[in-house]
Amino acid sequence: MTDAPVVSVRGLDITFAGRIHAVRGVDFDVFAGEVLGIVGESGSGKSVTALALSGLLPPVARVTGSVRLGGIEVTSADAETLRQMRGRDVGMIFQDPATTLNPLLPVGRQITEGQIAHGTLRAGDAEARAVALLREVDIPDPEGRVRQYPHQFSGGMRQRAVIAMAMAGRPRLIIADEPTTALDVTVQAQVLAVLARRREETGAAVILITHDLGVVAETAHRVAVMYGGRIVETGPVEEIFRRPRHPYTAALLRSLPRIDGEDARLIQIEGQPPTPGALPAGCVFHPRCPVGRARAQCRETEPPPVPPGALVGAACHFPDEAGDALAPTVAAKAAAPVASAAPPLLEVSNLHVAFPIRGGLLRRQIGTVRAVAGVNLTLRPGETLGLVGESGCGKTTTGRAIMGLIRPSAGSVRFDGQEIGGLRPKEMRRLRRHMQYIFQDPYSSLNPLLTAGQIVAEPLRIHGVFETMGGDAYVRGLFDRVGLSAGMIARTPRDFSGGQRQRIGIARALALQPRLLILDEPVAALDVSIQAQIVTLLQDLQRDLGLAYLFIAHDLAVVRHISDRVAVMYLGRIVETRQKGALYRQPLHPYTQSLLSAVPVPDPAARGGRGRIVLEGDPPNPARPPSGCAFHPRCRQAVAACSAEAPALLAIAGEAGMVACPLAEAGA
Amino acid sequence: MTGFILRRLAQLLPVLLIASLGIWAMIYAVPGSPVAVIVGENATPEQIREVTVRLGLDRPLIVQYGAWLWAALHGDLGLSIQSREPVLALILGRLPPTLQLGLAAILVGLVVGIPVALASALRPGSWLDRVLSGWSALALGVPTFWLGILLILLFAVELHWLPSASSYVPFTEAPLAALRNIALPAVTLGLYVSGIFARFLRAALIGELRADYVRTARSKGLRERDVVGGHVMRNAMLPFVTIVGLMLASFVGGTVVTEAVFTYPGLGRLLIQAIGTRDYPLIQGCILLVLLLYMGVNLMVDVLYAYIDPRIDFG
C-alpha cells in the first residue's frame, strides 16, 4: 500500500439545487487491493459520494473539490473522458439486482457491452467472453445461461452477474453500493465470497458502501463512517470496532442487534438522522450525542475534519469521551415473564396454503405452489414468537393466512380457542379487532392522502367505535404511546420519516386494543439507529399491554432481540422451533446452522474464526420442491435417506423445542 | 407462439358472440322498424305483413338470431336496403382504402412523434422540450376538419401541388399517384396522432431514463446513444405499442371527419351513409367488421408485446 492511491478524494463537496448540502468536505484515499468500507445511514451522503467518484451525478448537482481516479480529475473532466473512464478504471455494483439489469436484454450481452463500447472486445468474441466471466462468478451452466434474461436468474445469480459485469473491463476500482442489502443472508454470504475472491484475483481496490456494520466488519480493511455529509470517523476496521473515537460510531455499534451478544436491551440513539436540506448548526451529531448535547462548543462549532490522508481520526471535539456513549442511557427494563401456563392465544395446526399454477389453452391448473405445507405454531399472551426464513419460505403467507387475508387450503387456526376457518365475514371482522397486522414498508402502507390522525382513527371508524373509545383524545393518547408528538396529528405521511411512519402504523394497529400483533418485517426498511428505537418501542408496548407478537423477519439478529421463541422456516415447513437461547447457542437443524453462520457479525476479531458455512445454490422453487427433506440438496450432512422421506418435526429430548432432522437429533 | 395466438383467439370467441347478439338486437332497439323503412310511409297492412314474412321477422327471436348468425358466419350479411348490393361486398370494397389511409396516418404520426419525444425526453424542462411540448398540444388541439381545409387551401387551391379531393389508388399499383392522393388526409390525421405519440413516448422515456438499469449502463461506459437506443428505447416501447395499436384500431374503423373533408371513400363515410338512410344490414355489417378489425389489431399488439418483452411467456 505504499503506491499511489487508486482514487484520491479531497474536499469533495456536493450540493443539489443550491441548498441541499449532501456531501460536505470529504477526504479519503483507497489503495490497490484494499477494501474501504463507507458506513452511514440514509441521507449521510455515502451513495452520492459513490456516484460522484464515477461522474454519474445528475447535472443539477454542483460538485467542488477533487476526485483523482486513474490520472483523471473526475470533477472537471468532459463527458467523453468520463465515459471512457467508466468500465475501464471504475466498475459499479448497485443495490438491487432486480432493477440494475435491463429486463429486456440477455444477461450475456449486458455483461460484455461495456467492453465492446471501449473497443477492448470484438462483438464476435462477446459471447465466449461472457461465458468465461459468468463462470468466474460461479454461475452454473454459463453456456446455457449467457443468453437468458434477468428474470430467469435468481436474485443471487443476478448480483453475481452484476459483479461479473462490473469486473469485465478489469477496472482498478470497484464501487459496491449496498451490494447485498436486497439479498437473503445465505445468498449474501455467497455474493460476498465471490466479490472477495474476484478482488484478490484482479487486485482491484473496492469501496464498499453499506449500512450493515456486520458486512463491514467481515470484509473491509479500513472504514469511513459518514454522518450528515461528512466523514466523522475513519480508521482500520479493528480500531473502529474496538475503540470508536466518535460518539456516533460508538452509539451505532451499541444500537446494533447482534446474534452473538448479551441479552440487554438495545441502546437507542435518540432522534432522527439529519436531512441534508436542514442540517443542525455546530457538530451535525450534537442533537443526538450523549457527549456533546449539552456542550456549547458542540452546539456552535463544527469540529475540524479528519486531516486528509490520515489513517485514523475522528471529527469530534471530545474524541476521548466517545466511550462514554457506550454507557446505557436508559435503564434496562425487565420484560414481564411469559405465563407459560396460560392457555395459548393462537394455535395454528397443520396449516397448508397452496396457490394454483395455471397454464395451457384453457388456463387449467397445471401445478401447485405449496407456499405453506403443514405449519404448527402456538403463541401465548405476552409472548413473542420469531418466524424466520429466507424470501419465499412462506413466512409472510403464514402470517396472512392466520389473519384470514389468504384462505388456507387445509389446517386450523384457533384464536383464543375459537376456530376462525369457518367464520362468516361479519364474525371474522369482529375477531380481527383482536389481531392486527403491521407491514414492512412504512412508505406504501399508509394512504398518502389521509392525515396521520385519520390513519390511526380509521380502524376505530370502520368498527364504529371511534366515539365510544374516546374520540380524538384517544387518538392523541395513541400518538403519545408510540412516541409521536400529538402536534403532528394533522400532518400527512410525507411529512414523517421512515421510523415515524412505522410508529403511525403501530399506533393504527394498537387503536382497537388488539391482543395479537402480526409484525411482518416491521424494521427491515429502517435505518440501524431507527430499528433500535422501534424494537425498543415494541418491547415496551408488549410489557405494558401484554400483547402477543408473531414477529416475521429475515434478520436473525433482530429476531433474537425481541423473541422468546424462534421458529425457522424453509420451503413452507418449520424445520426447527426452540427457545431463543437454545437456538442461538446450539442450532440443531443444518439449515439453522448455516443460516446463523451466514449472518455477518459486527466484530472484525471474529472474522474467519467462525468456520462459516456458505450454502451452495439457491433456495429451491416452491413449485417443484425437492423430494424428501426439502433442504437435502443444499445440506452438508445429507445422507441417502434424506431424499427419500420428509422428516417429521419431533420433540427434542430434555428441551421444549422441536427439530425436523433425524441427524440433528442424533447429534444433540 | 402459435399456441399463444390460438389461446388469444379462443378468448375472443365469447366476446364476439356477445357482441354479435348486441349488433343483431340493434334492429329492435332503434326507433323505426326496418319494415317501415322498406315499405315506406303509405304501405297497406298487407304490404307490411308480406315484407315481415319475407324478411323472416315473424319467427321467434331466437330463431331469427340463429339464422342471422349462421348466415353471418358464412359471410352472408344480407343485402343493403338502399343499394340492394351484398353488404359484405360493399364493406370489403371500402376496406383497402381505409387501411391504406390508417397505416399512412400512423406512419406520419410515428415519423413526427418519435423524434419529437426523443428530443424532449433527453432534456426535460429545456427550452426545446417546452417548444416541442407546446407543439404536441397544438397538434392535439387543432380540429382535424380545420387542419384538413387549411391543407387543401394551401397545397391544392394555392399551390396546385396535390388534389383537393382524394380518391383511392392502391399503393401497390401506382405508388406515386397513391401518395399524391393520400398525402393530405394522412398528414391531417398523422399530425394529430403525432401529438398523442409524442406525449406518451416522452413520458415513457423520462420514466425509463430514471431507472436503475440506465445508471448501470452508464456506469459501464456506454455511449449515451447506446444507452438510449439499446436500453431505454426498448423499455419505453412497451407502453408505446399499446397506444400505437389503439390509434391504429380507431383508424381502421374509419375516420369520419377526415374522409368527409377529403371526400375519401373510407369505411367511416359508408357507416355515416348507412346510418343516415337507416340501412340496418349495412350498419350491422360495418359494426361487426370494425369490431373484428379492432380485435385483430389488439391481438397484433399482444403478440408484439410478447416479442419485445421476454418476461411474457408464450406458453
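None of the figures in this text is laboratory data; all of them are computed from the coordinates on show. Just so you know, these numbers come straight off a predicted model, no measurement behind them. Cβ sites come from the backbone with ideal geometry, for glycine too, and all protein chains shown count toward neighbours.
Non-local amide H neighbours of A:L387 (under 5 Å, H modeled in plane, Pro and chain starts lacking H): which ones?
Amide H neighbours of A:L387, under 5 Å, 5+ apart: A:F551, A:I552, A:A553, A:A567.
Using all C-alpha to C-alpha distances in the protein assembly as shown, build P(r) with 20 Å bins and read off the rounded percent in each one.
11, 33, 33, 18, 5, 0
Give me the number: length gained by fully extending A:A278 to A:A32, i.e. 0.36 nm times residue separation minus the C-alpha to C-alpha distance, one decimal in nm.
Stretched fully, the A:A278-A:A32 segment lengthens by 84.9 nm.
Check each of the GluC sites (Glu not before Pro) in the range A:207-262 and keep only those in coil by DSSP with at most 11 other C-beta atoms within 10 angstrom; list them in order.
Here the sparse-neighbourhood loop sites are A:E262.
B:W127 to A:A651: FRET efficiency via 1/(1 + (r/R0)^6), r the Cβ-Cβ distance, R0 60 Å, to the nearest 0.05?
0.20
Going by amide H atoms built from the backbone, whose H comes under 5 Å of the H on A:R573, apart from near neighbours?
A:A373
Which distance in nm do the two modelled labels at B:V142 and A:N376 give, with both placed 7 Å along the Cα-to-Cβ direction?
7.8 nm
Could you please state, rounded to a whole Å, how far the C-alpha centre of the range A:128-156 is from the C-alpha centre of the range A:582-649?
One Cα centre to the other: 25 Å.
From the helices alone, meaning DSSP H stretches of at least four residues, give me the mean residue ellipticity at 222 nm for chain A, per-run term -39500 (n - 2.57), in deg cm²/dmol to the nearest 500.
It comes out at -8500 deg cm²/dmol, rounded to the nearest 500.
So what J values fall out for the range A:624-631 if you push phi through Karplus, 6.51 cos²θ - 1.76 cosθ + 1.60 with θ = phi - 60°, rounded to Hz, Gly and Pro as x?
Along the range A:624-631, the couplings run 10, x, x, 5, x, 5, 4, 8 Hz.
Tell me the GluC sites (Glu not before Pro) within the range A:104-142 that lie in a loop according to DSSP and have at most 12 other beta-carbon atoms within 10 Å.
In loop regions of the range A:104-142 (DSSP not H, G, I, E or B), there are no sparsely surrounded GluC sites (Glu not before Pro).
Along Cα→Cβ, 7 Å out, is where each label goes; now give me the distance between the ones at A:Q365 and A:Q579 in nm to one decimal.
The two pseudo-label positions are separated by 4.3 nm.
Select from B:S167, B:P96, B:L304 the residue farthest towards the positive end of the dipole of the range B:94-308; place +1 on Cβ of Lys and Arg, -1 on Cβ of Asp and Glu, and compute about the Cα centre.
Comparing the listed Cα positions along the dipole, B:L304 ranks first.
Given R₀ = 45 Å, what would the calculated FRET efficiency be for B:L21 paired with B:R180, taking r from the Cβ atoms and rounding to 0.05?
In this case the efficiency is close to 0.55.
Collect residues whose amide H, placed 1.01 Å from N in the peptide plane, falls under 5 Å from the amide H of A:A224; neighbours closer than 5 in sequence don't count.
Here the answer is A:G37, A:I38, A:V39, since their amide H atoms fall under 5 Å of that of A:A224.
Chymotrypsin sites (Phe, Trp or Tyr not before Pro) within the range B:71-179: which are DSSP loop residues with at most 11 other Cβ atoms inside 10 Å?
B:W161
On a C-alpha basis, how far is the centre of the range A:252-297 from the centre of the range A:1-58 in Å? Whole number, if you could?
One Cα centre to the other: 22 Å.
Full extension from A:A605 to A:A486: what is 0.36 nm times the residue separation minus their Cα-Cα distance, to one decimal in nm?
Contour length minus the Cα-Cα distance gives 38.3 nm.
FRET efficiency for A:H463 and B:R8, Cβ-Cβ distance as r, R0 = 41 Å, nearest 0.05?
Result of the calculation: an efficiency of 0.35.
Give me the one-decimal nm value for the distance between modelled label points at B:E224 and A:V639, 7 Å along each residue's Cα-to-Cβ direction.
My value for the distance between the label points is 6.7 nm.
Whole angstrom only: what separates the Cα centroid of the range A:346-397 from the Cα centroid of the range A:514-537?
23 Å
Expressed in nm to one decimal, what extension gain is obtained for the pair A:E427 and A:E143 from 0.36 nm per residue of sequence separation less their Cα-Cα distance?
So the extension gain works out to 96.5 nm.
What is the average number of partner chain Cβ atoms found within 10 Å of a Cβ in A:110-121?
Per residue, the number of nearby Cβ atoms from other chains is 3 on average.
Scanning chain B for trypsin sites (Lys or Arg not before Pro) in DSSP loops with at most 12 other Cβ atoms within 10 Å, what's the longest stretch left with none?
For trypsin sites (Lys or Arg not before Pro) (loop position, at most 12 other Cβ atoms within 10 Å), the longest site-free span of chain B is B:85-209.
Restricting to DSSP H runs of at least four residues, report the calculated mean residue ellipticity at 222 nm for chain B, -39500 (n - 2.57) per run over all residues, nearest 500 deg cm²/dmol.
Result for chain B: -24000 deg cm²/dmol, rounded to the nearest 500.
Suppose we take every Cα in chain B and form the convex hull; what volume per residue is that in Å³?
Roughly 180 Å³ of hull volume per residue.
Projected onto the charge dipole of the protein assembly as shown (+1 at Lys/Arg Cβ, -1 at Asp/Glu Cβ, origin at the Cα centre), which of B:L17, A:Q579, A:F551 gives the Cα projection farthest towards the positive end?
Selected residue: B:L17.
Specify the longest stretch of chain A that does not include any exposed loop site, a site being one of the trypsin sites (Lys or Arg not before Pro) with a non-H, G, I, E, B DSSP assignment and at most 12 other Cβ atoms within 10 Å.
A:364-635
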